[in-house]
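Undergrad: Shown below is the structure under consideration.
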């Protein structure tokens with residue numbers, strides 16, 4: 001438990017993670033005068049292993065597990081995550097105490113010659129570590145050569161020239177948060193590329209029984225963001241997806257309804273199943289589950305089985 005008004009905040013040590021955590025702390029200070037916050041940097045397995053594609057690391061929680069262990073053991077009082085990194089099942093001792101207002105979840109193209117996806121040359125080399133991005137890119141342009149690209153956001157931007165790439169795909173939210181002012185060649189429309197579940201949003205994880213910290217962080221919760229991400233995470237949980245599966249999803253709240261759109265792709269992008277579903281904001285998880293059920297029945301189950309078989313054979 002926190003000692004009085006001194007709160008220890010767990011964060012990964014990357015530039016983007018620390019920017020996100022410092023922003024959360026500045027908001028918490030504004031909303032909770034008199035509290036002091038200290039950052040404790042914790043390295044995760046995803047941070048330590050940078051020479052292996054994310055899809056090969058296996059398991060879930062490669063960017064969150066060590067933070068969750070520290071939280072359960074009381075070494076930190078809350079953890080700040082990118083919501084897209086949080087597994088759909090979290091330890092029973094923990095809860096997401098707040099989901100601040102989401103930043104634009106779109107993916108963007110940064111290309112060497114500042115041209116759009118459509119105008120990139122044949123056999124263009126595109127850098128991304130995401131199977132979701134790779135599959136949707138190949139669905140659009142089967143001629144692209146996809147190059148695996150790991151590393152922090154600023155590292156990936158530097159690799160655009162160093163690795164002789166024609167372009168890289170990154171999350172717009174990350175660029176906004178690090179204050180990137182360079183050229184963005186294209187904000188990729190959702191019709192071409194649906195984002196990762198939770199992309200653009202943060203999740204503040206706390207101990208379930210810690211009423212003091214819950215009171216502090218709940219003031220940052222944005223209801224529309226929570227509802228949208230809840231629908232997306234329910235879909236992903238039903239599909240049993242993770243880093244090894246090319247699944248994209250985006251939900252938005254309009255009036256009293258949540259509208260969810262999702263895609264499942266084969267690794268080569270040759271087959272895609274895309275569908276959408278809407279329902280009451282009070283039934284956000286049910287909307288996600290129903291859409292997942294429908295997509296599985298329309299051939300998604302076969303695609304996901306093929307993908308899992310592909311990885312189990314390697």
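Per-residue answers, yes or no, for (1) at pLDDT 95 or above; (2) out of contact with any strand residue (DSSP E or B) (no Cβ under 6 Å at 6 or more places or on another chain); (3) within 21 Å of residue 133 (Cβ to Cβ); (4) in a strand (DSSP E or B):
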position	(1), (2), (3), (4)
269	yes, yes, yes, no
276	yes, no, yes, yes
284	yes, no, no, no
292	yes, yes, yes, no
298	yes, no, no, no
310	no, yes, yes, no
314	no, yes, yes, no
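Undergrad: List the strands (runs of 3 or more DSSP E) that sit entirely inside segment 131-227 and contain at least 2 residues that are without any contact (Cβ under 8 Å) to a residue 24 or more places away in the chain and surrounded by fewer than 23 Cβ atoms within 10 Å (Cβ to Cβ).
TA: 145-147
Undergrad: Mind checking which residues of segment 120-130 are crowded, with 16+ Cβ neighbours inside 10 Å and either out of contact with any helix residue (DSSP H, G or I) (no Cβ under 8 Å at 6 or more places or on another chain) or assigned by TED's automatic domain parsing to the domain that holds residue 268 (or both)?
TA: 120, 124, 125
Undergrad: Condition check: at pLDDT 95 or above and crowded, with 16+ Cβ neighbours inside 10 Å. Does residue 304 satisfy that?
TA: No: the conditions fail for residue 304.
Undergrad: Given the residues 172, 226, 207, which is the only one that is farther than 24 Å from residue 248 by Cβ and modelled with pLDDT of 95 or more?
TA: Going through 172, 226, 207 in turn, the sole match is 207.
Here's the yes/no breakdown for (1) at pLDDT below 95; (2) under 25 Å from residue 202 (Cβ atoms):
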site	(1), (2)
115	no, no
144	no, no
148	yes, no
153	yes, yes
163	yes, no
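Undergrad: I would also like to ask the following. For residue 238, only one of the following conditions fails: (1) crowded, with 21+ Cβ neighbours inside 10 Å; (2) out of contact with any strand residue (DSSP E or B) (no Cβ under 8 Å at 6 or more places or on another chain); (3) closer than 30 Å to residue 267 by Cα. What is its number?
TA: Condition (1) is where residue 238 drops out.
Undergrad: If you go through segment 63-72 one residue at a time, do you hit one that is in contact with a strand residue (DSSP E or B) (Cβ under 9 Å, 6 or more places away or on another chain) and on the phi > 0 side of the Ramachandran plot?
TA: Within segment 63-72, none of the residues are in contact with a strand residue (DSSP E or B) (Cβ under 9 Å, 6 or more places away or on another chain) and on the phi > 0 side of the Ramachandran plot.
Undergrad: Restricting the search to segment 240-251, which residues are at pLDDT 95 or above and either closer than 23 Å to residue 20 by Cβ or assigned to a helix (DSSP H, G or I) (or both)?
TA: Matches in segment 240-251: 248, 249, 250, 251.
Undergrad: I'd like the full set of residues that are closer than 22 Å to residue 22 by Cα and within 20 Å of the chain's Cα centre (by Cα), limited to segment 158-184.
TA: Those that are closer than 22 Å to residue 22 by Cα and within 20 Å of the chain's Cα centre (by Cα): 170, 171, 172, 173, 174, 175, 176, 177, 178, 179, 180.
The values are calculated or read from the model by the stated rules, or taken from the named source; none is laboratory data. Note that the structure is a prediction, hence the values are computed from the model and not measured. Methodologically, a virtual Cβ is constructed for each residue, glycine included, from the backbone with ideal geometry; neighbour enumeration extends over all protein chains shown.
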